[in-house]
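Asker: Please find one structure pasted underneath; my questions will follow.
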Amino acid sequence: YCLHLFWSFLDSFCTNNVTKSSGADGIPGQILKYIAMTIVKPLIHIINNVFTSGVFPHSLKTTRVIPVYKKGDRQQVGNYRPISIASVFSGIIETCIATRISDYLDKLNLFSKTQHGFIKGKSTVSALFKSINDISESLDKKLYTMGIYFDISKAFDTINRELLLEKLETYGITGIGRQLIQSFLSRRSQFVEVTERKGNIVNAKFNSSTLKPTVGTPQGSTLAPLLFVIYVNDMDTAFEYTTATLCKYADDTSVIISGSGMDTVVDSANNAIRAMSDWCATNRLKLNEEKTGIVIYRNVHLHNTGTHAKIKSNGKDITVNTNQKFLGVTLNENLNWTVHTSELCGKLRRASYAVLCLRHKVQQTTLLTYYYAHIQSHLSYAITIWGNSPASSRILKIQKCIIRRICYSEPREHCRPLFKRLKIMTIHALYIYKCVLYVSLNRHEFVTNKEVNSGMQTRYADHLSVPHHATTLYAKSPKYMCIKLYNHLPRDIRKHSTHVHFKTASRDFFLNHPYYSVDEYLKA
């Protein structure tokens, strides 16, 4: 890491470190973009020394913790979420370390294939996509199917540091590399800061005494998530002798189990939970049985008798749920997304009321900023997974109401021109756009007709191959819909060889075509 990083660091300073919050040193990230040219060379020199010496600066190891109220009784400590803020300079150095480690592990193909957290090219959406596709395929084969969603108590806070260092050595991170991680983890400290306010005015700040944690990865740290991913990388070995299909996003772990009979599935589930419990015990982590949930997915072709199944962990019953939150999406036993879309409608109605209150007090540009921050962000999250739900028509009605309010229009005014004028996609256009983008980013998961039938030269040779299926449930699955929607794209968009050009072309297309349903797009 030498001076060739000058401009990349400079760009990082000016674009990423815009937060007003500061660590224990009191330096906000926002100030870096004003002093970047002055400090970038000395900072690179410090980073080079960190890499060559294997010593992380001790002055950057103190973390400031701020309690943020969640809900409930304000007098109860458990109703506050601790937000940890590290020094912005620590974050920059950690990013360099994380990049090196991640590139090394990725190059040698050492990351678990089931891990989707904090790995290049993967995300919560790819984890959900894989999990839902596994469920849909099993149900399409008329198999009894169960999902187990594990919860590990305070996972990041309880990992054993010595065991982590041993695992790093197993993956070839030895010598100065191991020494640097050990230096980063050791002799750390943190304190809690409580602010006394009267309205928006800060009257006083109070700091607690300093605590020196000896376990876990540092909260608020840029490097901590990657270290945790490495810590759980060998979890797959625990399930080698089970029939479970594993899917992980950092500490969020699920397994999908299927079989020809419910008794077989229940036995496999008990084996999988036992394997997970044993792995956690070996790795000094604690499986939280009370928050671990099970969903038995329903198939209309099968007699579902598993709702009263007895599945245990360490003598405690694991709850069988009809709904289960996983990676920010509410799954239900019928995979119809009604619960998730109902929750989303509630958020959108509150946002719509906020727009109504704001529209005569602020400019339209401010309303659009609010829209992208508080509405579009909710609409777009994991829409590839749930966007084909029939309930999305309810979301479109609320979205049209919001658009009319942003445009100061009459309640029954035609909305298509308003969507085009504001350059906002309808919920259905956004869904299709995100689906085709997923295909473009993950072409390795899909094959064309030409690849399936070698030498095929028909007009559909470049179309993605559509999987055979037996149920309408599979025809609504994320993978099937992605293929179907991508194949219907105009050829001049599909022919783009780079993702950047494809993304630009498809974005322009869907901004100019405010579809009110998926069928409207497919019939166009």
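Asker: What are the residues in region 497-518 that are surrounded by fewer than 14 Cβ atoms within 10 Å (Cβ to Cβ) and either farther than 14 Å from T426 by Cα or not assigned by TED's automatic domain parsing to the domain that holds K423 (or both), if any?
Answerer: S497, T498, H499, V500, H501, T504
Asker: Now, a different point. So which residues in region 319-340 are surrounded by fewer than 16 Cβ atoms within 10 Å (Cβ to Cβ), in contact with a helix residue (DSSP H, G or I) (Cβ under 7 Å, 6 or more places away or on another chain) and either on the phi < 0 side of the Ramachandran plot or modelled with pLDDT under 95 (or both)?
Answerer: Scanning region 319-340 gives a single hit, N323.
Asker: Among P467, P478, P411, P390, which is more than 25 Å from K347 (Cα to Cα) and of a type outside the set (S, T, N, Q)?
Answerer: After applying the criteria, what remains is P467.
Asker: State whether one or more residues within region 389-402 are modelled with pLDDT of 95 or more, within 23 Å of the chain's Cα centre (by Cα) and not assigned by TED's automatic domain parsing to the domain that holds K325.
Answerer: Yes - at least one qualifying residue is present in region 389-402.
Asker: Suppose we filter region 407-424 for residues that are in contact (Cβ under 8 Å) with a residue 12 or more places away in the chain, surrounded by fewer than 20 Cβ atoms within 10 Å (Cβ to Cβ) and in a helix (DSSP H, G or I); how many remain?
Answerer: Final tally of qualifying residues: 5.
Asker: Related question: Does region 206-220 include one or more residues that are in a loop (DSSP other than H, G, I, E, B), under 18 Å from the mean Cα position of the chain (by Cα) and of a type in the set (G, A, S)?
Answerer: Scanning region 206-220 turns up at least one residue that is in a loop (DSSP other than H, G, I, E, B), under 18 Å from the mean Cα position of the chain (by Cα) and of a type in the set (G, A, S).
Asker: Quick one: count up the residues across region 259-278 that are more than 17 Å from K316 (Cβ to Cβ) and part of a helix (DSSP H, G or I).
Answerer: 6
Asker: Here's another thing I want to ask about it. Tell me yes or no: at least one residue of region 433-443 is touching a residue at least 24 places away in the same chain (Cβ under 8 Å), of a type in the set (V, I, T) and either more than 30 Å from R404 (Cα to Cα) or not in a strand (DSSP E or B) (or both).
Answerer: There is at least one residue in region 433-443 that is touching a residue at least 24 places away in the same chain (Cβ under 8 Å), of a type in the set (V, I, T) and either more than 30 Å from R404 (Cα to Cα) or not in a strand (DSSP E or B) (or both).
Asker: Let me ask another. Got at least one residue in region 49-59 being at pLDDT below 85 and either assigned by TED's automatic domain parsing to the domain that holds L168 or of a type in the set (F, W, Y) (or both)?
Answerer: Checked against the condition, which is being at pLDDT below 85 and either assigned by TED's automatic domain parsing to the domain that holds L168 or of a type in the set (F, W, Y) (or both), region 49-59 yields no hits at all.
Asker: Starting from residues that are part of a strand (DSSP E or B) and not hydrophobic (A, V, I, L, M, F, W, C), keep the ones in region 166-192 and report whichever is nearest to the chain's Cα centre (by Cα).
Answerer: Among those that are part of a strand (DSSP E or B) and not hydrophobic (A, V, I, L, M, F, W, C), it is Q190.
Asker: Would a scan of region 461-473 turn up a residue that is in contact (Cβ under 8 Å) with a residue 40 or more places away in the chain, out of contact with any His (no Cβ under 6 Å at 6 or more places or on another chain) and closer than 18 Å to W386 by Cβ?
Answerer: Yes, because at least one residue in region 461-473 is in contact (Cβ under 8 Å) with a residue 40 or more places away in the chain, out of contact with any His (no Cβ under 6 Å at 6 or more places or on another chain) and closer than 18 Å to W386 by Cβ.
Asker: If a residue must be crowded, with 19+ Cβ neighbours inside 10 Å and not in a loop (DSSP other than H, G, I, E, B), how many such residues does region 383-395 contain?
Answerer: Counting residues in region 383-395 that are crowded, with 19+ Cβ neighbours inside 10 Å and not in a loop (DSSP other than H, G, I, E, B) gives 6.
Asker: Let me ask something else. Among the listed residues T237, T253, T195, which satisfies the condition of being in a strand (DSSP E or B), out of contact with any Ser or Thr (no Cβ under 8 Å at 6 or more places or on another chain) and assigned by TED's automatic domain parsing to the domain that holds W279?
Answerer: After ruling out the rest, the residue left standing is T253.
Asker: Only one of V40, V55, V50, V68 is more than 30 Å from the chain's Cα centre (by Cα) and outside any helix (DSSP H, G or I); which?
Answerer: Every option except V55 fails the conditions.
Asker: Additional query: Being closer than 17 Å to I403 by Cβ and either more than 21 Å from the chain's Cα centre (by Cα) or part of a strand (DSSP E or B) (or both) is the filter here, so list the residues in region 303-344 that pass it.
Answerer: Listed by number, the list is empty, since nothing qualifies.
Asker: In region 446-476, which residue that is of a type in the set (K, R) and under 34 Å from the mean Cα position of the chain (by Cα) is modelled with the highest pLDDT?
Answerer: Once the filter is applied, the top-ranked residue is K476.
Asker: Out of all the residues in region 149-165, is one or more over 17 Å from L110 (Cβ atoms), aromatic (F, W, Y) and part of a strand (DSSP E or B)?
Answerer: yes
Asker: Could you please find all residues in region 312-335 being small (G, A, S) and touching a residue at least 60 places away in the same chain (Cβ under 8 Å)?
Answerer: G328
Asker: How many of the residues making up region 61-91 are hydrophobic (A, V, I, L, M, F, W, C), touching a residue at least 12 places away in the same chain (Cβ under 8 Å) and under 24 Å from K154 (Cα atoms)?
Answerer: Result for region 61-91: 6.
The values are calculated or read from the model by the stated rules, or taken from the named source; none is laboratory data. Since the structure is predicted, the reported quantities are computational estimates derived from the model, not experimental observations. We place every Cβ from the backbone using ideal geometry, glycine too, and count neighbours over all the protein chains shown.
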